[in-house]
Amino acid sequence: MKATAIAPANIAFIKYWGKKDEALRLPLNSSISMNLSNAYTTTTVEFSKAFPQDTINVASDTSFTTFTHVLKNSELRIIAHLDRMRKLKGTDMRARVVTKNSFPAGAGIASSASGFAALTVAAAAALDLSVSEKELSILARLGSGSACRSIPDGFVMWEEGNSSETSYAHSLYPPGHWDLRDIVAVVQSKPKEVGSTSGMEAARTSPFLEARLAAIPGRIARVKKALEQKDIHALGNVIEEDCLDMHAVMQSQKPPLNYLTDETREIINAVRRWRSGGLAVCFTIDAGPNVHLICEGKDEQVISKKASEISGVQQIIVNKPARGARIVTEHLF
Ligand code: 2P0
């Protein structure tokens, strides 16, 4: 009753910010993302009648560190997710979970998408549940919304739906469809003060929310067309528009939420300069100050070099489009 899964983080081209049902994690809008090859979580889950309680460990390269009280919230979310999986199987067996991220803790890359996708797939296999990709995506969504997008391969669309059964992600294109890059310019590695779950609870207090939601269907169509035609300029226009609108919503919420720093703005300005100079690159930013630079594979080296030369950029992580969550044979314990 032991299984291990690996799942990628993903970067959203059309963002998820705000829920129409907090408990079911039903989003206010559909979103589109790309799975990331160099930012993933590996998770081993074992269920046994012999375990008196659930134990959750985060593996680092040299040791296993049990979650401390600081991470109590994450631990409770993980146990609630194990409860969901147990209920499906009709068992009360406790679990041992060991999880490890490919990216350093606090690299500023959200780990809830890759984390809950890997946990879902590993737990389903360990319990020998027979579930489809769609059902895995729905289950992952209940753990963390964006995790549903880390289940299918490559370029992925999360259909908002209007019930738990209709809100799930599916692949638009496999990873090999378009040789894109997401070059993450890390400017801050400390954990964010306001997490996405609590941050987006106030989305409805922004006067700009309705305007953004009204624009989403048109943007979804534009991203789909840009992906189909592999048009980096069209893709860049729409993803920057949606990213800046999401941050306008965040900044006009009550209380306001500002994730952008001087370093973030400096990189945005640099991207605009590079583009004026003829480079095909655009930016997108999640709930944190780090900037994701989206470009085609042929421009990876020049853009990575330029980004690493900006003062304040501590680290560069280069990602290609990746497969979704999958079972692997090598266990963490
Ligand atoms: C996204 N984010 O679409 C957006 C962009 C953050 C900014 O999905 O409450 O951690 O667990 O469903 O999945 C982060 O949201 O929130 C997120 P929950 P989640 O990638």
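The values are calculated or read from the model by the stated rules, or taken from the named source; none is laboratory data. Just so it is clear, the structure is predicted and the values come from calculations on it, not from any experiment. Please note: Cβ atoms are built from the backbone with ideal geometry, for glycine as well, and neighbour counts cover all protein chains shown.
If we keep just the residues of region 18-36 that are of a type outside the set (D, E, K, R) and part of a strand (DSSP E or B), which is nearest to the ligand (Cβ to nearest atom)? Break it down into steps so the answer makes sense when it comes.
First, pick out the residues of region 18-36 that are of a type outside the set (D, E, K, R): 18, 23-24, 26-36.
Keeping just the survivors that are part of a strand (DSSP E or B) gives 26-27, 31-36.
On the way: 26: 10, 27: 8, 31: 5, 32: 9, 33: 7, 34: 11, 35: 12, 36: 11 Å.
My answer is 31.
Going through 69, 81 one at a time, which residue ends up being out of contact with any Cys (no Cβ under 9 Å at 6 or more places or on another chain) and modelled with pLDDT under 90?
Values: 81 fails: modelled with pLDDT under 90.
Result of the check over 69, 81: 69.
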**Asked** For the subset of region 253-294 comprising residues that are among the polar types (S, T, N, Q), in contact (Cβ under 8 Å) with a residue 12 or more places away in the chain and over 17 Å from residue 318 (Cβ atoms), which member is farthest from the ligand (Cβ to nearest atom)?
**Response** 261
**Message:** Going by what's in this entry, would residue 171 be described as of a type in the set (Gly, Ala, Ser) and either under 26 Å from residue 260 (Cβ atoms) or assigned to a strand (DSSP E or B) (or both)?
**Reply:** yes
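Here is a list: 239, 216. Which entry is in a helix (DSSP H, G or I) and surrounded by 22 or more Cβ atoms within 10 Å (Cβ to Cβ)?
Answer to the check: 239.
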**Request:** Identify the residue in region 16-54 that is over 30 Å from residue 210 (Cα atoms) and among the acidic types (Asp, Glu) and, among all such residues, is surrounded by the fewest Cβ atoms within 10 Å (Cβ to Cβ).
**Result:** 54
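Within region 271-278, is there a residue that is modelled with pLDDT of 95 or more and at positive phi? Steps first, answer last, please.
Here is the first cut: in region 271-278, the ones modelled with pLDDT of 95 or more are 271-278.
Subset that is at positive phi: 278.
There is at least one residue in region 271-278 that is modelled with pLDDT of 95 or more and at positive phi.
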**Request:** Being β-branched (Val, Ile, Thr) and in contact with a strand residue (DSSP E or B) (Cβ under 7 Å, 6 or more places away or on another chain) is the filter; apply it to region 99-134 and report the residue that is nearest to the ligand (Cβ to nearest atom).
**Result:** 109
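Does residue 46 satisfy being away from the ligand (no atom under 11 Å from the Cβ), at pLDDT 95 or above and out of contact with any Asp or Glu (no Cβ under 6 Å at 6 or more places or on another chain)? If you could, list the steps in order and put the result at the bottom.
On the way: away from the ligand (no atom under 11 Å from the Cβ): yes; at pLDDT 95 or above: yes; out of contact with any Asp or Glu (no Cβ under 6 Å at 6 or more places or on another chain): yes.
Against the criterion (away from the ligand (no atom under 11 Å from the Cβ), at pLDDT 95 or above and out of contact with any Asp or Glu (no Cβ under 6 Å at 6 or more places or on another chain)), residue 46 qualifies.
Taking the residues in region 134-164 that are acidic (Asp, Glu) and in contact with a Pro (Cβ under 6 Å, 6 or more places away or on another chain) as candidates, determine which candidate is farthest from residue 286 (Cα to Cα).
Among residues in region 134-164 that are acidic (Asp, Glu) and in contact with a Pro (Cβ under 6 Å, 6 or more places away or on another chain), the one farthest from residue 286 (Cα to Cα) is 153.
Can you tell me how many residues in region 135-155 are more than 11 Å from the ligand (Cβ to nearest atom) and either within 16 Å of residue 326 (Cβ to Cβ) or among the aliphatic types (A, V, I, L, M) (or both)? Lay out the reasoning, then the answer.
Initial filter on region 135-155 (more than 11 Å from the ligand (Cβ to nearest atom)): 135-139, 151-155.
Right, trim to either within 16 Å of residue 326 (Cβ to Cβ) or among the aliphatic types (A, V, I, L, M) (or both) and you get 135-139, 151-154.
Summing the residues that are more than 11 Å from the ligand (Cβ to nearest atom) and either within 16 Å of residue 326 (Cβ to Cβ) or among the aliphatic types (A, V, I, L, M) (or both) in region 135-155 gives 9.
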**Request:** Determine if region 5-17 includes at least one residue that is assigned by TED's automatic domain parsing to the domain that holds residue 85, within 12 Å of the ligand (Cβ to nearest atom), not in a strand (DSSP E or B) and not charged (D, E, K, R).
**Result:** yes
